[in-house]
Amino acid sequence: MNETLSNQKTGETTADILTLLAEMGQQFAATHDIGSALNYAIEHIARYVGAEGGSLFMLEDDDSHLCCRACYGEVDIVGVCINADQGIVGHCVETLSSEIVRDVKTDHRFHKGVDEQSGFVTRSILCAPLSVKGESFGAIELINKCSGDNLFDTADLTLLSTLANSAALAIANARMAEKLVEQERLARELELAAEIQRSLLPDGNEGLPVWGANIPARTVSGDFFDYFEMDDGRIVFNLGDVSGKGMNAALLMAKTISLFRCLSKSIEHPGRLLGLINTEICDTSTRGMFVTMVGGIYDPATGRLRISNAGHEPPLVRDVHGNYRSLPAEAPPLGIDPDLTAKNGFPVANVDLDGGSFYLFTDGVTEGYVGEGEMLGSDGVLKIIDGSIAEDISVQLQRIVSIISESGIALRDDLTVLGISDGPPKACRSETMRKISPPDKLVTKDMKKCDILASIKTCSSPDRLKLIRNVVHDGAAIAGFARDIIPDIVLAVDEACQNVIRHAYDGRTDGEIEVALYSDGGSLIIEISDQAPHIDPATIKHRDLDDIRPGGLGTYLMEETMDLVQYRPVAENKGNILRMVKTIF
Amino acid sequence: MKTKIREENGALIVSFEGDVDLQSSPDTRKALLDAVGQGKAVFADLSGVGYIDSSGVASLVEAFQKAKSQNNKFILISVSENARRVLELARLDKVFTICDSISDALDT
């Protein structure tokens, strides 16, 4: 074949050139490596035209540079880059025209840079652009004719132009094929990402009274939800929506859901938890992305729910009588204002479900289309819930999801739902049900391994509260709490002691109250014990903050300021023990 | 805890000094309700409150509601940092009218 090629201009030019073009086309079509096909092309073109050397330049770096990607001849300049407007090559690419510099000595356009780098002596140049449909993406340059006076003539230029045109077409096709392969690879990677993302969501409720679903509008989703059961039977859950829908949203979703899952194992205050995630997202988030999210804890034993809402669509609470109320966000989305992560994090709302149910959505649900130009809307959601309230929570939510996803209209946004259905109302809960309290995770905590910071035993009289406050104040300081956190801890203990005086002892002042402070290094554990008649924690009222009235605030303040407030199981007639935990961070 | 009452420009200023807790809140409650009962604007000066608990907050809420039912002003003035923190925790900082000074309270 090489012999045929070197026989240029000996009578069989047309046949030879056709052979060369066919071979070149085949090389590009068959190869997965454009680089080797380019080498083939430049070598054969240079030999066919009878040049000493040749190089093939391609536009790169956003078309700002022309880089040599293949060459033929004594000097190897592969990798050499010049500015896109430089030299004869630059001129050819820019003007889409072929050029001949018969003698470089007499042409000012010749760029000496490459010669200086390579040591090659250029005498004569041919250059033709590589272009398809009027757009050039490179050029072929041939240097020094082998025969005669070593200078090219216009016949050579015509020949090179023809060859370059064909080469351009072959290269463009090969590049397109390469792009398709790349797109296919990306699609496969996206599918893998979606698979990983699905694995981040819970895959079944395993008998828990909570259910959730996520249907992405595209392959990957910016929405998320999660729930899991803690050792003590309480259920931690969340649902959120990352701004945007593409891969960037999916990555931030993965980060947020992982942070939540990890942190929620040690921080049981939803507001503080969201506060920490806010800091983390603010620290590292880019391009103004943010996350709207609701995080919370639900206790199936008491029907109590604590949530924190960061800029998310208000969750719905449906009581046993079918009345709805929504819980609007009291804080902006995560990732917007790092200063919001105050010491107590984002605001928390407490809800007594008392036999009712709780629903969380992303706007893909309320703004989802159920017919031509018809959105489901909040009213539509309520109607579906009311119509299926006798069914399991999963059935209720599946109905909501399917009415949108099966409407025949393409999803505009990811669809995500989560719901919790509380057991029978407290009044109907049997005594036995109430007594089957989940294993108390704190009971397993070995208090002997904790340092005792302080302990005070005194009588159940209001005039001893100041004494208790002073002990707690100093104990919390020893534990290492910041000066602005200590008053919160003091308040929580004071409120707990007031409850003992007012409710457990019913105002009697001759009872006994003991307050003990322990430290396990990372957190402060406070135990408040009394010898009063046993009180069922499930009967302790929590005040609804929307209801502005005097009293009933104490328990709320304790829960608002501490990470955990929990009554410990105590043998009958042995009084009550309340344990509160506050983590130092 | 010490309670002082004085009148200024037609408003009763009830100021507290010390801890408003379960022990002292009955006095706090009585002082506030008595003042509101006189049918005048009442300003509760909390600048000297080192500690306030839920029972103290409850006294403020009760006085506030009584004054409201009588269409009288009930304003918290010079709220100390500790007291403000508890009001915020209880989300009552948006419910009460809170002013920095008596003259601001008179202007409302």
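Interface residues of segment A:490-519, defined as those with an accessible-area decrease of at least 50 Å² between the chain by itself and the complete set of protein chains (probe 1.4 Å), are A:Leu491.
Normalising the average separation of contacting C-alpha pairs (under 8 angstrom, six or more residues apart) by the number of residues puts the relative contact order of chain A at 9 percent.
Shielding by partners for peptide A:463-473, expressed as the average number of C-beta atoms from other protein chains within 10 Å of each residue's C-beta, is 2.
For segment A:201-432, what relative contact order do you get, as a whole percent, if you take Cα pairs closer than 8 Å and at least 6 residues apart? Please report the intermediate quantities before stating the final value.
Numbers: 514 pairs, mean separation 56.1, N = 232.
Worked out over segment A:201-432, it gives 24 percent.
Among the trypsin sites (Lys or Arg not before Pro) in segment A:253-315, those placed in a DSSP loop whose Cβ has at most 15 other Cβ atoms within 10 Å are A:Lys265, A:Arg287. Here, P(r) means the percent of Cα pairs in each 5 Å bin from 0 to the largest distance; for segment A:2-179 it is 1, 9, 19, 23, 22, 14, 8, 2, 0.
Would you mind giving the total buried accessible surface between chains B and A, with a 1.4 Å probe and ligands, DNA and RNA left out, rounded to the nearest 100 Å²?
Numbers: alone 5790 and 27550 Å², together 31310 Å².
The summed interface area works out to 2000 Å².
Per the Debye calculation on segment B:2-107 with a single equal scatterer at every Cα and no solvent contribution, log₁₀ I(q)/I(0) for q = 0.13, 0.15 Å⁻¹ amounts to -0.38, -0.51. Considering only A:Ile486, A:Ser460, A:Leu353, the residue lying farthest towards the positive end of the dipole of chain A is A:Ser460, judged by Cα position with unit charges set on Cβ. Computed with a 1.4 Å probe over protein heavy atoms only, the accessible surface of chain A comes to 45 Å² per residue.
Mind checking B:83-91 for the average number of partner chain beta-carbons within 10 Å of each residue's beta-carbon? Could the numbers behind the result be given before it?
On the way: counts 0, 0, 7, 6, 0, 4, 10, 7, 8.
Whole-number average of other-chain Cβ neighbours for B:83-91 is 5.
Over segment A:21-88, the pair-distance histogram of Cα-Cα distances with 5 Å bins from zero comes to 4, 18, 23, 23, 20, 11, 3 percent, rounded to whole numbers. Taking every residue in B:47-60 and counting other chain Cβ atoms within 10 Å of its Cβ, the average works out to 4.
Comparing segment A:312-365 with the 2.2 N^0.38 Å rule of thumb, its C-alpha radius of gyration ratio is 1.37 (two decimals). Within the accessible area of segment A:215-331, the carbon and sulfur atoms contribute 53%, probe 1.4 Å, all protein chains present. Ranking A:His534, A:His108, A:His91 from most to least accessible surface, computed with a 1.4 Å probe over the protein chains only, gives A:His108, A:His534, A:His91. Note on chain A: dipole from Cβ charges, positive end direction compared against A:Leu159, A:Gly511, A:Phe28; the farthest Cα belongs to A:Gly511.
Each peptide in A:402-411, B:24-33 was scored by the mean count of other Cβ atoms within 10 Å over its residues; highest first, the order is B:24-33, A:402-411.
Inverting the pair-averaged 1/r between distinct Cα atoms of segment A:201-432 gives 17.8 Å as its Kirkwood hydrodynamic radius. What does DSSP give for chain B in terms of the percent of beta bridges that are antiparallel, rounded to the nearest 5? Within chain B, antiparallel bridges account for around 30 percent of the total.
Past the 18 Å Cα-Cα mark, which pairs from A:Lys582/B:Lys94; A:Lys457/A:Lys574; B:Lys4/B:Lys30; B:Lys4/B:Lys94; A:Lys179/A:Lys245?
Values: A:Lys582/B:Lys94 27 Å; A:Lys457/A:Lys574 16 Å; B:Lys4/B:Lys30 12 Å; B:Lys4/B:Lys94 26 Å; A:Lys179/A:Lys245 24 Å.
Correct reply: A:Lys582/B:Lys94; B:Lys4/B:Lys94; A:Lys179/A:Lys245.
Go ahead and estimate [θ] at 222 nm for the protein assembly as shown from helices alone: -39,500 (n - 2.57) per DSSP H run with n ≥ 4, summed, over the residue count, rounded to 500.
Counting only the DSSP helices, I get -11500 deg cm²/dmol.
Restriction of the GluC sites (Glu not before Pro) in segment A:155-226 to DSSP coil positions whose beta-carbon has at most 11 other beta-carbons within 10 angstrom yields A:Glu206.
Take each peptide in B:81-91, A:234-244, count the other Cβ atoms within 10 Å of every residue, and average; sorted highest first, the result is A:234-244, B:81-91. Here the scattering of chain A is modelled by Debye summation over its C-alpha atoms, one equal scatterer each and no solvent; at q = 0.06, 0.08, 0.12 Å⁻¹ the log10 of I(q)/I(0) is -0.54, -0.69, -1.09. Relative contact order, whole percent, for segment A:16-143 stands at 22, derived from Cα pairs under 8 Å and 6 or more residues apart.
The values are calculated or read from the model by the stated rules, or taken from the named source; none is laboratory data. These numbers come from a predicted model, not from an experiment. Don't worry about glycine lacking a Cβ; one is built from the backbone with ideal geometry, like all the others, and counts go over all protein chains shown. Keep in mind that these areas ignore ligands, DNA and RNA; they rest on the heavy atoms of the full protein, side chains included. Shrake-Rupley method; radii C 1.70, N 1.55, O 1.52, S 1.80 Å.
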